[in-house]
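Engineer: Dropping a structure here in structure tokens format, bear with me for questions.
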Amino acid sequence: MKFFVSEQSRHRPHTVPAIAAEFAIVMVILGVAFCQPVGAVPINPMASPRQEPSLHDRAKASVSQAKTLLLGSNTIAQKCEPRAIEGYFAAAQAAWNAIWLCPDSRDVVDEASEIYSQSLRGLLESASKHGRIDPARGILIGPKWGRVVIPIVTQGLPVDASVIEAVLPAPLEGSARITRRHTRCGFGLPVAVRTKAKLVSGEFAPPRQSIAATAVLRFSIPLDKPNKLSELVGLVHADVSPAVLDLANPVEIARVQIGSIKNPLAADFTAPLLDMLAGMPKSGLNGFMNPFSNSLLVGEQTQPRLEMLEPHQAGRIPVVFIHGLVSDEGTWFDMINELRMWPPFHRYFEPWVFHYPTGSGFLHSSAVLRKELTAAVAICDPQGQDSALRHMVMVGHSLGGIHAKLQVIDSGVELWNAVACVPFESLRMSEKAKEEFRSQFFFEARPFIRRVICIATPHRGSTIASLGIGRVSSMMVKKPQELVELHREMVDCNPGAFFADYSKGLPTTVDILQPNSKILQAIEHLHPRCTVAMHSVIGNEHQSLTSGPGDCVVSMASAKTSGAVSELIVPATHVRVHHHPLTIDEVEAILTEHLRGSGVQ
């Protein structure tokens, strides 16, 4: 009988001996008679010699024993003693026995499942704390002189155990950056599986890469009658593994079969996003004020980089999310959390994000994005056979929308003519400077991008960038030293070759967003290739006396773009428009249309 209800073949359960010595210590501490095996029922001296307890009675006794073991293990764990590991293991086994002895009893299954889940959480947390879990090898149970390895087996996940860094019980607390937490009640313990991202995604690995899974500590099915040897001598140590820790994909596997009953598999689809958010800075301010800095904050890296939030799988269309000014990739996790509850997104799409220091050179960051997108496609599909990678979608919020547009236009000489009055090739500069500025001003559209969604994007700038707060912010930005030196070299070696606003210094992103910016005006006049569909989502929660309706930062007039095949007006402010349910529904509808025309299905 299959345990996980899916089409995939499953690992067969191991036989279940127990682990004597360490369990003996734990059970004595917990006040449990060592001679009584897990799941056994104490003998009632007043009962008839021929009377045997019913399966329901045995199951209730196992539940009671599991509860005792769990409470005792919690006490031991509070003292930071490693013996709690064996206690939690025994509690989980007793709860497992109860469920399998009486799977059609709702009261038994519900109570035992809750104890089982808590025991498994305690087991994983204690094993991690005491260095007794190695995902590539398994969980170590028992005394030092007789450890038994509980192997970890992935079921339907896009990675195997060898590239798992940690198995983390789903966090109890949520995040202010995610509106809703998506869970499913059922059997097992929802976990976030943190991968060894560099091994999985190479140069496109995020600081943390986590995927959703459900942990199931799988023992053998208990016999209808207790083993007579176990009744006499208690728990017996053996060299074979007494259980398997399955890490099941809750998207692909919805139920588990216990006896004749199919129970839902527990799930927390938001847990991996919460784990990744915990490794990010609390705001994108450092990336704006101090681009390319080496911050001591966990996970804060301000170099521009493309990241794959989950292991790449062939046949899936990348959706690349690009954040806006004074922000980071975490701003998209709320939308990604909602999109992942839409089944086609899980099956046919995968989220990539582009992180960049929003205070750095704007054109430099766009050049890095073009380079990294091209490299990612080449690495993921060197033979050019995966059509999904040739139907990429870009989604940009605010400044990110302009970055997205710069991936699908041919620059010609328009951008260069916005800053210089002489041909590029006539300039005198080092090869390093020439290579840098050629990549910024001269480029072709990425042919594998077929759709761009611009959300609250200031195509014609924002008046805030021209006001005092904008000018002060621009002056406070610490520009990346290497880019400043290359810019100064180019300007100093070619006097009179550049317009005054570009000669005076490397423009910041705030400078670019001023409505009178010649660079922004040049970008606005350039149009995407005919193979690219453009979409606009515009906020109109605010009414300005000077610029009319808008989202407090970008006016509706600035957010509109010619050639958009769809346009949605959303009652939201600038920082909330990409979180709004109407926006998420619109993105889902656009991706549905995109999938239909891609031929990927």
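The values are calculated or read from the model by the stated rules, or taken from the named source; none is laboratory data. Please read these numbers as outputs of a predicted model, since none were measured by experiment. Using ideal geometry, Cβ is built from the backbone for each residue, glycine included, and neighbour counts are taken over all protein chains shown.
Engineer: State all residues of segment 428-446 that are surrounded by fewer than 17 Cβ atoms within 10 Å (Cβ to Cβ) and either touching a residue at least 60 places away in the same chain (Cβ under 8 Å) or not assigned by the TED database to the domain that holds residue 366 (or both); if no residue qualifies, say none.
Structural biologist: Passing the criteria: 428, 439.
Engineer: Residues that are at pLDDT 95 or above: which helices (runs of 4 or more DSSP H) entirely in segment 1-115 hold 2 or more of them?
Structural biologist: 55-78, 84-101
Engineer: A follow-up question, please. If I filter segment 133-152 for residues that are within 30 Å of residue 60 (Cα to Cα), of a type in the set (A, V, I, L, M, F, W, C), modelled with pLDDT of 95 or more and assigned to a helix (DSSP H, G or I), do I get at least one hit?
Structural biologist: no
Engineer: In addition: Can you name every one of the helices (runs of 4 or more DSSP H) wholly within segment 202-289 that holds 1 or more residues which are modelled with pLDDT of 50 or more?
Structural biologist: Working: elements: 228-233, 271-278, 285-289.
Where helices (runs of 4 or more DSSP H) fall fully within segment 202-289 and carry at least 1 residues being modelled with pLDDT of 50 or more, they are 271-278.
Engineer: What helices (runs of 4 or more DSSP H) lie completely within segment 348-423 and have 3 or more residues being among the polar types (S, T, N, Q) and in the same structural domain as residue 574 (by the TED database)? Before you say what the answer is, go through the steps one by one.
Structural biologist: Values: elements: 362-380, 399-405, 414-417.
Correct list: 362-380.
Engineer: Condition check: hydrophobic (A, V, I, L, M, F, W, C), in contact with a helix residue (DSSP H, G or I) (Cβ under 8 Å, 6 or more places away or on another chain) and in contact (Cβ under 8 Å) with a residue 60 or more places away in the chain. Does residue 123 satisfy that?
Structural biologist: Yes: the conditions hold for residue 123.
Engineer: In the list 215, 192, 176, which residue meets the criterion of being among the small types (Gly, Ala, Ser), in contact (Cβ under 8 Å) with a residue 12 or more places away in the chain and within 28 Å of residue 356 (Cα to Cα)?
Structural biologist: Within the list 215, 192, 176, the selection yields 192.
Engineer: Another question, if that's okay. Going by the structure shown, is residue 563 assigned by the TED database to the domain that holds residue 324 and surrounded by 23 or more Cβ atoms within 10 Å (Cβ to Cβ)? Walk me through it before giving the result.
Structural biologist: On the way: assigned by the TED database to the domain that holds residue 324: yes; surrounded by 23 or more Cβ atoms within 10 Å (Cβ to Cβ): no.
No: the conditions fail for residue 563.
Engineer: From the list 594, 542, which one is within 21 Å of residue 332 (Cβ to Cβ) and not hydroxyl-bearing (Ser, Thr, Tyr)?
Structural biologist: 594
Engineer: Please tell me if residue 536 is more than 25 Å from residue 319 (Cβ to Cβ) and of a type in the set (S, T, N, Q).
Structural biologist: no
Engineer: Taking the options 81, 114, name whichever one is within 17 Å of residue 142 (Cβ to Cβ), among the acidic types (Asp, Glu), free of Cβ contacts under 8 Å to residues at least 60 places away in the same chain and in the same structural domain as residue 194 (by the TED database).
Structural biologist: Just a single option satisfies the conditions, and that option is 81.
Engineer: Look at segment 129-146 and say how many of its residues are under 18 Å from residue 243 (Cα atoms) and surrounded by 15 or more Cβ atoms within 10 Å (Cβ to Cβ). Quick ask: steps written out before the conclusion?
Structural biologist: Quick first cut of segment 129-146, residues under 18 Å from residue 243 (Cα atoms) only: 132-143, 146.
In the following step, the residues that additionally are surrounded by 15 or more Cβ atoms within 10 Å (Cβ to Cβ) were identified as 132-133, 135, 138-143.
Count: 9.
Engineer: Do we find a residue being in contact with a Phe, Trp or Tyr (Cβ under 9 Å, 6 or more places away or on another chain), modelled with pLDDT of 95 or more and of a type in the set (Asp, Glu) anywhere in segment 301-309?
Structural biologist: yes
Engineer: It is to be established whether one or more residues within segment 399-421 are under 27 Å from residue 538 (Cα atoms), crowded, with 19+ Cβ neighbours inside 10 Å and modelled with pLDDT under 95.
Structural biologist: Within segment 399-421, one or more residues are under 27 Å from residue 538 (Cα atoms), crowded, with 19+ Cβ neighbours inside 10 Å and modelled with pLDDT under 95.
Engineer: Based on this model, can you work out whether residue 588 counts as in a helix (DSSP H, G or I), out of contact with any His (no Cβ under 8 Å at 6 or more places or on another chain) and free of Cβ contacts under 8 Å to residues at least 12 places away in the same chain?
Structural biologist: On the way: in a helix (DSSP H, G or I): yes; out of contact with any His (no Cβ under 8 Å at 6 or more places or on another chain): yes; free of Cβ contacts under 8 Å to residues at least 12 places away in the same chain: no.
Spelling it out, it is not the case that residue 588 is in a helix (DSSP H, G or I), out of contact with any His (no Cβ under 8 Å at 6 or more places or on another chain) and free of Cβ contacts under 8 Å to residues at least 12 places away in the same chain.
Engineer: To continue, here is another question. State whether one or more residues within segment 540-551 are touching a Ser or Thr at 6+ places or on another chain (Cβ under 9 Å), surrounded by 23 or more Cβ atoms within 10 Å (Cβ to Cβ) and at pLDDT below 95.
Structural biologist: Looking for residues that are touching a Ser or Thr at 6+ places or on another chain (Cβ under 9 Å), surrounded by 23 or more Cβ atoms within 10 Å (Cβ to Cβ) and at pLDDT below 95, one finds at least one in segment 540-551, hence yes.
Engineer: I need a count of the residues in segment 69-91 that are surrounded by fewer than 18 Cβ atoms within 10 Å (Cβ to Cβ) and closer than 17 Å to residue 117 by Cβ.
Structural biologist: Counting residues in segment 69-91 that are surrounded by fewer than 18 Cβ atoms within 10 Å (Cβ to Cβ) and closer than 17 Å to residue 117 by Cβ gives 2.
Engineer: Please go through (1) under 27 Å from residue 397 (Cβ atoms); (2) at pLDDT 95 or above; (3) exposed (fewer than 13 other Cβ atoms within 10 Å of the Cβ) for residue 472 and return the number of the only condition it doesn't satisfy.
Structural biologist: Only one criterion in (1) under 27 Å from residue 397 (Cβ atoms); (2) at pLDDT 95 or above; (3) exposed (fewer than 13 other Cβ atoms within 10 Å of the Cβ) is unmet by residue 472, namely (2).
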